[in-house]
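Chemist: Handing you this structure, nothing more for now.
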Amino acid sequence: MKILIIEDEEELARSIAEYLSEENYLCEFAASYNQALDKIEMYQYDCILLDIMLPDGNGMKLLEELKLQDKQDGVIIISAKNALDDKIKGLQIGADDYLTKPFHLSELTARIYSIIRRKQFSNSNIVRQNELLIDLLAKTVSVNNDPVTLTKKEFDLLIYFIGNKNRVISKSTLAEHLSGDFADMLDNHDFVYAHVKNLKKKLYDAGSGHYLKTVYGTGYKWMGS
Amino acid sequence: MIYVLVVLLISVPVYYFVVDTIWKNELDEHNRIIADKTAYALNQLKLSGDTLLKSIVLWNSIQPGTNIQSISSSGTIKDSVYTIEKQKSYSEKPNIDRFRCLSTIIYINNKQYLFTVETNIEESKETIAIIAITTIFFFIIIVAGLLVLNRKLSITIWRPFRNTLDKLKTFNLNHQTKIDFDKTDTSEFEELSHSLRELIAHNISVYKTQKEFTENASHELQTPLAILKSKLDILLQNKDLTERQYHIAEEMNKALIRSSRINKNLLLLAKIDNSQFDSSENLKFDMLLQQSIETLEEHFEQKNISVSTTAVPDLSLNGNGSLTEILINNLLLNAIRHTLPNGSITLTLTKSSFEVTNSGLKELDKDLLFKRFSSASADNSGSGLGLAIIKEICRFQKWSVRYRFENGHHIFSVYF
């Protein structure tokens, strides 16, 4: 899988690449508008991470360029600006997602995973891990062909774990993912624990293996192949 | 005014003294003339002794105010001038008159006669009264005139000052409309306007810089925060991490999440301050409220808080959709945070207000409540900006928010 990271902040770009490389993603960098333009014209990427504030141009123009060239690359805008207008405009022009800095790498990875899956398996988007079967399109889960009923939040969590296989995800990161902007207003993050516990129990009761491990009490890790 | 009164009061006895003296002198002169004239006229008649006596008797009875008396020639009597007050002989009512008298020796046919003449003079009481009345009359005229003149003068003189004051009152630092003061001929006022103009211009520029600073600072912080966050995420993946190290990293993660949130909220506040939102959207308040309740349902359940909602349907208002969403979420989250487990929250939406009522222990400090970073309660886990954001959003949308504590319940009300 090829990812293009268009980001002028070198440290951030390197972190993203390091995190993604373990997931067999191949990352390339572009630190400026012109570099990025060259790369998107020459190569095809599975996903492009686009910072819209570049030193020599507006990332939105790149988005328009991609559209003009009828490229099918998935695009996630990563921006320090949390302007709703930008978000709407970006998504209208053809971005697949919008992530505001600062974000967790696990959040980014989960979104990249979803976009690539969506782009590549547009008809039947099914993830299989041994006896566990997840239909990303229909949003259903089954174990040994027996359907498991999950709530929206539980399914959301499962996808998040699948997108971050073999990674440690801390409870506070999950809380932020689940509650979005509210996390900081809440006293405790026990609701994360409740959701994870329910998800684990439902899967295990249906006959699935213990894929979701607890790490040091407050972290979680999905063991996958 | 008092000064005028004092001067006029002093003038009353002075006037009296002056008038009385002039009067007396004139009358003395008059009396003397009458005495001389009488003596001269009687001498001219060259009457015989007997006829003279008769004439004098007649004189005394018909000529009022004078009296001729024959006196013995032995010894000389000096002229005397005096004032008497007596009852009018012909008046029945008690009516005292004052007379100026002269008694002098006249010679008729070389015989001495005592001639007394009395001339009515105004009584001192009356004089004083008249002078006093006149004085008071003038005092009133002066005072009234001064008042009218003063008022007229002050209106014209202070007009530029009033204009300036009125303009200052309407000035609002948030809107930053420049004030144009009227030109005046009064140099003091011109100086005042000049100073005010400079002061306002300076204030506006400082205010702008500060607002821009908040926004820029928050923006600039986003990138280093993003780098920190990503590095921490990588650190958490390290296979050699001990449990102790993992927990330290997780604590750092929590603090980082919180600072990112504070930063985002500050940025939001700065954006509202800088009016970067459209406030003319048409929004369905009841729908937004419903959405919010659904999103937060699990948090109500987790603390076992019972929620009861009464809402008017189809309430559409003008405002900004995303800001209103934040407003509702913040109010509800605030209620969730500060309600004890097993408590209750009541949401009331009417056409003109939205009220969030939750059970609580004691009243919060109203002055501190909506201020940035001043948690009114002991609990410090929030960003300290939730209520400040609520207030700013209300201000921006021209709504108002109020807090009160009634019967063990915190009540936050938003009035549209």
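Chemist: For B:ASN172, all conditions in the list (1) assigned to a helix (DSSP H, G or I); (2) exposed (fewer than 10 other Cβ atoms within 10 Å of the Cβ) hold save one; what is the number of the exception?
Modeler: (1)
Chemist: Looking at B:ASP97, is it outside any loop (DSSP other than H, G, I, E, B) and modelled with pLDDT under 80?
Modeler: yes
Chemist: Now for a different question. Check B:ASP286 against each of (1) more than 10 Å from every other protein chain (Cβ to nearest Cβ); (2) touching an Asp or Glu at 6+ places or on another chain (Cβ under 8 Å); (3) within 26 Å of A:ARG14 (Cβ to Cβ); (4) not polar (S, T, N, Q) and name the one condition it does not meet.
Modeler: (3)
Chemist: Looking for something more than 30 Å from A:GLU154 (Cβ to Cβ) and within 13 Å of chain A (Cβ to nearest Cβ) - is there at least one such residue anywhere in segment B:313-323?
Modeler: yes
Chemist: Same structure, new question: Could you tell me whether any residue of segment A:109-128 is touching a residue at least 24 places away in the same chain (Cβ under 8 Å), part of a loop (DSSP other than H, G, I, E, B) and within 14 Å of chain B (Cβ to nearest Cβ)?
Modeler: No: zero hits.
Chemist: Still on this structure, please answer the following. Would you kindly identify the strands (runs of 3 or more DSSP E) lying entirely within segment B:302-406 that contain at least 2 residues that are surrounded by 16 or more Cβ atoms within 10 Å (Cβ to Cβ), out of contact with any helix residue (DSSP H, G or I) (no Cβ under 6 Å at 6 or more places or on another chain) and of a type outside the set (D, E, K, R)?
Modeler: In segment B:302-406, the matching strands (runs of 3 or more DSSP E) lie at B:344-349, B:353-359.
Chemist: Among what's in segment A:15-27 and is in contact with a Cys (Cβ under 9 Å, 6 or more places away or on another chain) and facing chain B (nearest Cβ under 9 Å), pick the residue that is surrounded by the fewest Cβ atoms within 10 Å (Cβ to Cβ).
Modeler: Ranking the qualifying residues of segment A:15-27, first place goes to A:GLU18.
Chemist: Now for a different question. On the basis of being hydroxyl-bearing (Ser, Thr, Tyr), in contact with a Ser or Thr (Cβ under 7 Å, 6 or more places away or on another chain) and not assigned by TED's automatic domain parsing to the domain that holds B:LEU385, does B:SER218 make the cut?
Modeler: no
Chemist: Could you tell me whether any residue of segment A:195-203 is surrounded by fewer than 15 Cβ atoms within 10 Å (Cβ to Cβ), more than 26 Å from B:LYS231 (Cβ to Cβ) and either charged (D, E, K, R) or at pLDDT 85 or above (or both)?
Modeler: Yes; the residues of segment A:195-203 include at least one that is surrounded by fewer than 15 Cβ atoms within 10 Å (Cβ to Cβ), more than 26 Å from B:LYS231 (Cβ to Cβ) and either charged (D, E, K, R) or at pLDDT 85 or above (or both).
Chemist: Anything in segment A:146-179 that is aromatic (Phe, Trp, Tyr) and without any contact (Cβ under 8 Å) to a residue 60 or more places away in the chain? List them, or say none.
Modeler: Answer for segment A:146-179, where residues must be aromatic (Phe, Trp, Tyr) and without any contact (Cβ under 8 Å) to a residue 60 or more places away in the chain: A:PHE155, A:TYR160.
Chemist: Take the residues of segment B:218-266 that are more than 7 Å from chain A (Cβ to nearest Cβ) and in contact (Cβ under 8 Å) with a residue 40 or more places away in the chain: which is farthest from B:SER322 (Cα to Cα)?
Modeler: Across segment B:218-266, the extreme among qualifying residues is B:LEU221.
Chemist: Follow-up. Tell me, please, whether a residue that is surrounded by 22 or more Cβ atoms within 10 Å (Cβ to Cβ) and within 14 Å of chain B (Cβ to nearest Cβ) can be found in segment A:29-42.
Modeler: Checking segment A:29-42: not a single residue is surrounded by 22 or more Cβ atoms within 10 Å (Cβ to Cβ) and within 14 Å of chain B (Cβ to nearest Cβ).
Chemist: Tally time: how many residues in segment B:41-68 are in contact with a Ser or Thr (Cβ under 7 Å, 6 or more places away or on another chain) and surrounded by 14 or more Cβ atoms within 10 Å (Cβ to Cβ)?
Modeler: 3
Chemist: Determine whether B:LYS37 is outside any loop (DSSP other than H, G, I, E, B) and surrounded by fewer than 14 Cβ atoms within 10 Å (Cβ to Cβ).
Modeler: In short, yes.
Chemist: For B:GLU281, indicate whether it is within 12 Å of chain A (Cβ to nearest Cβ) and either of a type in the set (Phe, Trp, Tyr) or surrounded by 19 or more Cβ atoms within 10 Å (Cβ to Cβ) (or both).
Modeler: no
Chemist: Which one is surrounded by the fewest Cβ atoms within 10 Å (Cβ to Cβ) among residues in segment B:241-278 that are modelled with pLDDT under 85 and not in a helix (DSSP H, G or I)?
Modeler: B:SER275
Chemist: Does B:SER218 meet the test of being under 30 Å from A:THR100 (Cα atoms) and not in a loop (DSSP other than H, G, I, E, B)?
Modeler: Answer is yes for this residue.
Chemist: Go through (1) within 14 Å of another protein chain (Cβ to nearest Cβ); (2) in contact with a Ser or Thr (Cβ under 6 Å, 6 or more places away or on another chain) and name the single condition A:ASP86 misses.
Modeler: It is condition (2) that A:ASP86 fails.
Chemist: With B:LYS125, B:LYS86 as the choices, which residue is surrounded by fewer than 13 Cβ atoms within 10 Å (Cβ to Cβ), modelled with pLDDT under 80 and part of a helix (DSSP H, G or I)?
Modeler: B:LYS125
The values are calculated or read from the model by the stated rules, or taken from the named source; none is laboratory data. Fair warning: this is a prediction, and the values are worked out from it, not measured in the lab. Here Cβ is always computed from backbone atoms with ideal geometry, including for glycine, and neighbour counts include all displayed protein chains.
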